[in-house]
Structure formats: structure tokens, C-alpha cells
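Asker: Have a look at this one before I ask anything.
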Amino acid sequence: MWRPMGSRGCAMDVLGSASCVVACLLGGLLLALSLLSPPLSGARLPGIRRRRRKPVRVYMDGCFDMMHYGHCNALRQAQALGDQLVVGVVSDDEITANKGPPVIPLHERMLMVGAVKWVDEVIPDAPYAITEEFMNKLFTEYNIDYIIHGDDPCLLPDGTDAYALAKKAGRYKQIKRTEGVSSTDIVGRMLLCVRERSLGGSHNHASLQRQFSHGHSQKVNDVGFGTGTRISHFLPTSRRIVQFSNGKGPGPNARIVYIDGAFDLFHAGHVEVLRLARELGDFLLVGIHTDQTISATQGPHRPIMNLHERSLSVLACRYADEVIIGAPWEVSKDMITTFNISLVVHGTVAEYMDFSKEESNPYAVPMAMGIYKQLNSPLDITTSTIIKRIVSNHEAYQKRNEKKEASEKRYYETKTYVSGD
């Protein structure tokens, strides 16, 4: 039987209609919010492109004469302040005018800087001081956002700050100076070694090595080879090695190439032979001999740089994937198996090339296995080449060191803690 709808039925009908309206409004609101909010998990809506962030480009300059791990650590810190690191290398003439004659010519310094794995671009013939014209060129032509320098003062001959304009423009950032080494210090070490050798003081080699390690030096002027430069205190840490390391090993089917040596006073000749070695495989393993091994094979006044210092210099090179710190003199079958080495190489230019004439040839095993190859070294440069440059003009370098010593002394006297690494 049909029954007429009462008042309760009408009320329910009204409520249903209202609920429907509310649901529609909520649904529309949620849809609008989903269109306005950024997509989750990297998903992109059709027709909507995310705007790419402009890379931050930072600039750092330097002489990079007698390049060492302190320079490399400065470049590492600078790169961490941006996305791309552009490095200016000061010309020979500018260095001579402001500091004295460089030991390493510009083309070799360019090779060294370009081989550092944190460097993206290199500018030759950079001015020693940041002029307004050059600073504008950096900002407009090279799209530089910030200019970087260490916390140690960089003063011009007239006593003014070389980075005053960059600081005034608000485009300057500071990094922490790396303790333990400087180009002045390395030249001082060589002058000390030359003096000892000229006096026949080979028995004093151990004493010199302790000075190099513990941050002491003596001022000597009796034979014209002395230097009053403070030898910095090198403080090796596991953290520094990790920072310089690539942090990854070879792939399962990688062709591993092995090269060993002293790599003392790491120079352009080292860089070029490492480049050639790396091109022969997928992973370059570099063996670095101990201080004792080098002294036994090259003479009592070697090495100039100790094992940890030499290891950091090699690790900073973009062509080296891994190093063995304190590698054995002889390449054994066990070592080849342990590291899965496919090829052992050696350059034609090196400090010690008489190994093939000896009974205990360090490469006898890889030679017998047919996995040894000699590389034609692109540059005729050795550590002795660098030392001879110093000795041939030692008076000029001694004056340069004594001049630099005054600013080094002021830095250490007023030194305060600076955060960074």
C-alpha cells in the first residue's frame, strides 16, 4: 500500500542533498591543492617543468709553485663552497715581481692544477692581485659567484690586501689554511739537504728527516745554502686521507693497472705518466714506496717529502684511483693476485732505472707473466730536475725564503682558530 512521505522523510532528503554538496566542495578543494602542490617522489605533471638551479661557480687563484697537498686541500675546500671550481694560475712575471722567481714554469703549473680532481676549469696568466677589471671579467665572462682564499693574509709589496676589492664587493669567502707545508718550506728543505750534502753530512740525514717531521729547522749561513724558514709541523690524520680518497674500489671486471715509485716533490712528469697509465685500464692503483726504500735506492738525502705527504699528493691527482701507502719494492705474485692486477707499468724517465741490471729486479715477476709494460714518459722531468733548479739559483731562492719568513712568522704569532677542514 502506498503511504505518503512524512516530515521525517523530507528532512532526510534535505540532509542527503547537503552531504552531496559538501562532498563535491571537498573533492574540488583537494583537486585544486594537488595541482598547486609540488609533485611527490620526483614525478612531474604533464606540461610542467621544474626550473633548474644555476650552478654556483667559485674562483680561487694562486701561484701553485712547488705544488703540494696543502694546495690540493685548499682547492678541495674551495670546491665544496660551490658546484664548479675555476682556478687562476698566476703568471711567471707576476710571481717574480711579487715574490721572486718561480721554481716551476707556468706550463708545468697548469698541468699540475688541471690534474687536481676537484678542479673544473683553469685560467692561465691570472694576476697576482685581484684588480677591478679582472674581477669584473670573472663575474661577467666566467660567471663567478664567489672568490675564495685561505685565512692566511695575502699582501702585496705595498702592504695592501690582494683581495680587498672582492671583500668590498661582498663576493669573498674564506677557507682554512692547511697546516704542515708550504712552497717556502719545501724549498727550505731542499736547501738544507744541499747544504748537508755539500758538507759530506750524509750521517745527518736522519736528523734532517726528524726536523721535517717535527717542525724544526736550523738557520745556517756559513756556506750560503742556509734558510731561516720555519719548517711546518705536518699533522697526518685519517680524516685527511679519507677526504682525499675516491672512496670506491674497482668494478668486478675492471682492468687494474699498477704503477709504483717515490713520487717525491710531486711534479708534472708524475702527472703525465699517471695519465698515460690510467688510459691503459679502468682503475689505476699507485704504489708509494717508503722513506727507507727511497733512501736506500736514491741516496741518504731523499726523500724530501715524507710518505704521508707524498701519498696525499698522489691521491689528489684525478688519474689515481687508489694508493698503497708504503708499497713493497718488489712486485710479487701474491701482490698481483691480491689486487687483481692486470698490467704493471713503469715510465722511461725516473730517478732509478738500473733495476733491470740487478739480480733482484723488482719487476721480474710481472715481466715473466707477460703483464709488464714500459711507458714513454711525456716529460723529461724528475725530482732531481726540480732540485737542480733550486741549487742553480739558490741565492735568489734563499732571499725569497727569507722574505717570506717574516710574513709566515707574523701569521703564526697572530694565528687563531678557524673552522673548516
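Asker: Quick check for you: with a 1.4 Å probe and neighbouring chains kept, what is the accessible area per residue of region 57-175, in Å²? Please list the in-between numbers first.
Answerer: On the way: 4660 Å² over 119 residues.
Value returned for region 57-175: 39 Å² of accessible area per residue.
Asker: Next question, about the same structure. Karplus couplings for region 98-115 from phi (6.51 cos²θ - 1.76 cosθ + 1.60, θ = phi - 60°), rounded to Hz, Gly and Pro as x?
Answerer: 9, 10, x, x, x, 7, 9, x, 4, 5, 6, 5, 5, 4, 5, 5, x, 7
Asker: Shifting gears a bit: Quick one: Karplus J couplings for region 284-289, per residue in order, coefficients 6.51, -1.76, 1.60, θ = phi - 60°, nearest Hz, x for Gly and Pro?
Answerer: So the J values, rounded to whole Hz, are 9, 9, 10, x, 10, 5.
Asker: Treating the beta-carbon of each Lys and Arg as +1 and of each Asp and Glu as -1, no other charges, what is the dipole magnitude of region 57-175 about its Cα centre, to the nearest 20 debye? Spell out each step's value before the answer.
Answerer: Numbers: 10 positive and 18 negative charges, 82 e Å.
It works out to roughly 400 debye.
Asker: Follow-up question, since we're still on this one. Taking all protein chains as present, what is the carbon and sulfur share of the accessible area of region 57-175, in % to the nearest whole number, probe 1.4 Å?
Answerer: Numbers: 2280 of 4660 Å².
Carbon with sulfur: 49 percent of the solvent-accessible area.
Asker: Long-range amide H contacts for Y172: which residues qualify at under 5 Å (H placed 1.01 Å from N, peptide plane, sequence gap of 5 or more or a different chain)?
Answerer: Sorted by chain and number, the residues that satisfy this are I147.
Asker: Taking amide H positions as placed in the peptide plane 1.01 Å from N, state which residues far from A126 in sequence (5 or more) or on other chains have amide H under 5 Å from it.
Answerer: V89, V90, S91
Asker: For G82, what residues show an amide H to amide H distance below 5 Å, using hydrogens built from the backbone and excluding near sequence neighbours?
Answerer: none
Asker: Zone of C154 (label point 7 Å along Cα→Cβ, backbone N under 13 Å): which residues in region 53-68?
Answerer: Within reach of a label on C154, which here means backbone N under 13 Å from a point 7 Å along Cα→Cβ, region 53-68 contributes 59-65.
Asker: In terms of the ratio Rg/(2.2 N^0.38 Å) built on C-alpha atoms, what value belongs to region 57-175?
Answerer: Working: Rg = 13.1 Å, N = 119, 2.2 N^0.38 = 13.5 Å.
So the Cα radius of gyration is 0.97 times the expected 2.2 N^0.38 Å.
Asker: Full-extension gain between Y352 and A80, please, as 0.36 nm times their residue separation minus the C-alpha to C-alpha distance.
Answerer: Going from the current span to full extension adds 94.1 nm.
Asker: Then there's this: Grab the Cα-Cα distance for Q174 and S245, subtract it from 0.36 nm times how many residues apart they are, and report the gain in nm with one decimal.
Answerer: Result for the pair: 23.2 nm of gain on full extension.
Asker: Okay, next question. For region 250-375, I need the span (max minus min coordinate) of the C-alpha atoms along each principal axis, in Å, sorted largest to smallest.
Answerer: Between the extreme Cα coordinates on each principal axis of region 250-375 lie 42, 35, 23 Å.
Asker: In region 338-384, which GluC sites (Glu not before Pro) are in a loop and have at most 14 other Cβ atoms within 10 Å, using DSSP for the loop call?
Answerer: Those satisfying the criteria are E358, E359.
Asker: Continuing with the same structure: Please report, to one decimal in angstroms, the Kirkwood hydrodynamic radius of region 246-298 built from all distinct Cα-Cα pairs.
Answerer: Final number for the Kirkwood radius of region 246-298 is 12.5 Å.
The values are calculated or read from the model by the stated rules, or taken from the named source; none is laboratory data. Just so we're clear, the structure is a prediction, and the values are computed from it rather than from any experiment. When we count neighbours, we look across all protein chains shown, and the Cβ atoms used for this are built from the backbone with ideal geometry, even at glycine. Surface areas here come from the heavy atoms of the whole protein model, side chains and all, with no ligands, DNA or RNA. Shrake-Rupley method; radii C 1.70, N 1.55, O 1.52, S 1.80 Å.
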